[in-house]
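Input: a single structure, listed below in structure tokens.
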Amino acid sequence: MTSERDSIKTNGLTRRALLTAAAAGVAVQTIAIPTARAATRPGTVLITGSNRGIGLELARWYAEHDWRVIATARKPDRATDLQAIADAHPKVQLEQLDLLDHRMIDGLAATLADQPIDVLLNNAAILGEPNEQNFGSMNFDLLSRVMATNVTGPMKMAEAFVAQVEASEQKKIVAITSTQGSISSLRSPGLVFYNMSKAALNMGMKSNSKALEKRGITVALISPGAVDTDMMNLALERAGVRFKLLAPAQSAEMVATVIDGYGLEQTGTFLSHKGESIPW
Ligand SMILES: NC(=O)c1ccc[n+]([C@@H]2O[C@H](COP(=O)([O-])OP(=O)(O)OC[C@H]3O[C@@H](n4cnc5c(N)ncnc54)[C@H](OP(=O)(O)O)[C@@H]3O)[C@@H](O)[C@H]2O)c1
């Protein structure tokens, strides 16, 4: 059966999305994802925040595609969904990792010193309570936590694991970012801290792409779409709105496909889950 998701694997953008955009007169900027690249052979991926949401489904996708998965979580002993994936796939290894604990990050990097990592997948992040990040009622302790998790965390991960990425075949550092970090697309005044964090993450990773290009390391910035997870549901609940969301598994497959096709020639570009370029 040829599904819409199969077609994404071959060109980075669904046929339906292209037709819809064309009908609306929208010029969609796409990246060329060579078909040959869409079948990269399995390697090793390390995922942060893989116990729930998009991270859990990324872990499942890579496990089902025969990758070796280093699935990290703050509390792996309570990560029952992730444990079930590991039980079914012997190449899945659970590790404890809290992005706020840099000694723990360095400790895991030391434990995995001899393990090449093809894809370092920085997925974990927090939204922060939306009602505490509006102008006039800002909780600045929350701002510090959001920045420490969403910006400092992935930047520290990149430094800590760069040797393992460099030693791998595919050599990719990925940051799951958000269209909320697109300054030029901003329409509403809410989620200020989260938006700030994703804009800062984009700049940090873009800078990393410049520093690492000569070492053959690709740095990818990918937004996963609007996905039915705890994070998105908290944002929608506080905003009092609802709209159709992607299932986490759908998003994970699309993100993994974009990662697969994302090469050094695209390093530092900001792409959607469909492989479309997103304005900064
Ligand atoms: N959902 C969307 O529509 C959407 C849209 C755009 C971008 N994103 C991005 O997609 C990524 C995944 O989001 P999601 O929707 O799957 O969120 P989620 O369901 O809230 O899951 C967040 C994950 O991050 C982990 N995490 C939080 N703080 C951490 C820390 N200090 N150290 C390690 N792990 C930590 C959580 O672990 P615990 O279970 O221990 O808290 C959880 O596994 C995030 O980068 C998010 O910004 C999501």
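The values are calculated or read from the model by the stated rules, or taken from the named source; none is laboratory data. The structure presented is a predicted model; accordingly, all values stated were derived computationally and were not measured. In this analysis, Cβ positions are derived from the backbone assuming ideal geometry, glycine residues included, and neighbour counts consider all displayed protein chains.
Details
- Annotation: of all residues in segment 229-245 being surrounded by fewer than 18 Cβ atoms within 10 Å (Cβ to Cβ) and part of a loop (DSSP other than H, G, I, E, B), the one that is nearest to the ligand (Cβ to nearest atom) is Leu245.
- Sole residue being out of contact with any Gly (no Cβ under 8 Å at 6 or more places or on another chain), hydroxyl-bearing (Ser, Thr, Tyr) and over 18 Å from Ser50 (Cα atoms), chosen from Ser168, Ser182, Ser178: Ser182
- A count restricted to segment 182-197 and to residues that are without any contact (Cβ under 8 Å) to a residue 60 or more places away in the chain, in a helix (DSSP H, G or I) and either within 20 Å of Ala252 (Cα to Cα) or touching a helix residue (DSSP H, G or I) at 6+ places or on another chain (Cβ under 8 Å) (or both) stands at 2.
- Residue within segment 214-226 that is of a type in the set (S, T, N, Q) and part of a helix (DSSP H, G or I) present: no
- Filter pass, Gln164 being more than 10 Å from the ligand (Cβ to nearest atom), touching a Phe, Trp or Tyr at 6+ places or on another chain (Cβ under 8 Å) and not aromatic (Phe, Trp, Tyr): no
- For segment 47-99, taking the residues that are outside any strand (DSSP E or B), small (Gly, Ala, Ser) and without any contact (Cβ under 8 Å) to a residue 60 or more places away in the chain, the one that is nearest to Leu121 (Cα to Cα) is identified as Ala59.
- Cβ-Cβ under 7 Å pairs, at least 6 apart or on other chains, segment 232-251 side charged (D, E, K, R), far side crowded, with 17+ Cβ neighbours inside 10 Å and modelled with pLDDT of 95 or more: Arg238/Pro130
- Any hit, segment 149-161, residues being among the charged types (D, E, K, R), within 21 Å of Ile222 (Cα to Cα) and either in contact (Cβ under 8 Å) with a residue 60 or more places away in the chain or part of a helix (DSSP H, G or I) (or both): yes
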